[in-house]
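First comes the structure, then the notes that go with it.
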Amino acid sequence: MKLLVVKNYDEMSKVAAKELAEVISKKPESILGLATGGTPVGMYKELIDMHKNEELDFSKVTTVNLDEYVGLSGEHDQSYRYFMDSNLFNHVNIRKEYTYVPNGLAEDMHQECVNYDKRIEELGGIDVQVLGIGSNGHIGFNEPSDTLSLGTHVTDLAESTIEANSRYFASKEEVPTKALTMGLGAIMKAKKILLMVSGESKAEIMDKVVNGKITTQVPASFLQMHKDVVLIIDEDAARKIK
Ligand code: F6R
């Protein structure tokens with residue numbers, strides 16, 4: 001794992017955007033694995049700026065997102081489809097039909113999961129996967145548990161995840177309790193992984209992720225086994241890493 005400790009959120013966003021832009025420049029038809037949440041918002045802003053000022057070209061890029069809430073349509077302003085459209089896709093020259101987010105309203109959830117994995121495989125896998133992390137060590141919505149799934153699956157969100165994400169909803173009761181998420185398989189098969197981490201609330205878990213034993217109770221600890229992970233972490237989040 002390559003560790004890049006940066007000063008703050010803004011610097012993390014700039015460094016991550018540069019890494020991603022480099023991948024796109026080298027391979028314009030890149031398959032990008034993308035994340036939502038507070039962590040990557042600044043990076044998406046940087047990428048939009050690069051598109052506008054430096055002509056970073058998304059015209060051949062394909063994206064696959066990590067997850068989506070079960071029960072929310074893409075028009076719901078808290079859905080991850082809506083997040084991606086408003087934070088990135090609507091502002092760059094990407095082909096919308098090549099941006100994939102799991103369908104939170106699929107009638108047959110099992111089939112939706114099978115299709116999602118099949119799509120990733122048919123695309124030839126992910127060139128670079130962007131990840132944030134939950135303060136409980138989740139990546140995507142692979143929550144701490146006795147077992148982890150390789151494939152895309154429906155999962156119950158951990159209480160701490162519902163609590164953390166309630167900041168975006170009118171009340172905690174409105175946060176969906178289930179999500180569709182890519183499994184550890186597709187994430188670990190990505191050629192490169194950019195793990196972005198910012199803020200005090202992630203400090204406790206990060207020592208376990210980097211130095212702890214590999215365990216399903218800290219899903220991000222599996223990243224220790226990946227050969228090309230760049231961890232871009234700000235000083236507040238890196239404080240407890242030994
Ligand atoms: C989002 C995702 C989650 C978030 C994590 C951190 O697509 O997969 O794993 O990356 O919950 O969320 P923030 O960035 O809001 O702290």
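The values are calculated or read from the model by the stated rules, or taken from the named source; none is laboratory data. The shown structure was predicted, so the numbers you read here are calculated from the model rather than taken from an experiment. Note that each Cβ is placed from the backbone with ideal geometry, even for glycine, and that neighbours are counted across all protein chains shown. The area values use the complete protein model at the heavy-atom level, side chains included, leaving out ligands, DNA and RNA. Shrake-Rupley method; radii C 1.70, N 1.55, O 1.52, S 1.80 Å.
Brief remarks follow.
- Accessible carbon and sulfur surface of the chain relative to its total accessible area, %, 1.4 Å: 49
- The HN-Hα couplings worked out from phi for the range 225-239 by the Karplus form 6.51 cos²θ - 1.76 cosθ + 1.60 (θ = phi - 60°) are 8, 8, 7, 9, 10, 10, 9, 9, 9, 8, 4, 4, 7, 8, 3 Hz, whole numbers, x standing for Gly and Pro.
- Each of the GluC sites (Glu not before Pro) that DSSP puts in a loop and that has at most 15 other Cβ atoms within 10 Å breaks the chain; the longest unbroken stretch is 108-242.
- Cα convex hull of the range 1-99, projected area averaged across orientations, nm²: 6.9
- Calculated over the range 99-147, the projected area of the Cα convex hull averaged across directions stands at 4.8 nm².
- Residues in the range 76-82 carry Karplus couplings, in order, of 5, 6, 9, 6, 6, 4, 4 Hz; the curve used is 6.51 cos²θ - 1.76 cosθ + 1.60 with θ = phi - 60°, and Gly or Pro positions show x.
- Kirkwood Rh (inverse of mean 1/r, distinct Cα pairs), the range 4-56, angstrom: 11.6
- On a per residue basis, the chain carries 46 Å² of accessible surface, using protein heavy atoms and a 1.4 Å probe.
- Amide H to amide H, with H built 1.01 Å from N, Leu157 comes under 5 Å of Lys178, Ala179, counting only residues 5 or more places away or on other chains.
- Summarising the amide proton neighbourhood of Lys60: residues at separation of 5 or more, or on other chains, whose placed amide H is nearer than 5 Å comprise an empty set.
- With all pairs of separate Cα atoms included, the chain yields a Kirkwood hydrodynamic radius of 17.9 Å.
- Beta bridge orientation in the chain: antiparallel %, DSSP, nearest 5: 30
- Protein-only accessible surface order, largest first, of Asp234, Asp146 at 1.4 Å: Asp146, Asp234
- Filtered trypsin sites (Lys or Arg not before Pro), the range 1-57: DSSP coil and at most 13 other beta carbons within 10 Å: Lys7
- Charge tally around Leu56: other residues with Cβ under 11 Å, Lys/Arg +1 each, Asp/Glu -1 each, net -4.
- Cut-off under 5 Å, modelled amide H: who pairs with Val130 long-range: Gly33, Leu34, Ala35, Leu194
- Once the chain from Lys7 to Ser160 is taken as fully extended at 0.36 nm per residue, the excess over their C-alpha distance is 52.4 nm.
- For the range 113-214, the fraction of C-alpha pairs more than 22 angstrom apart is 36%.
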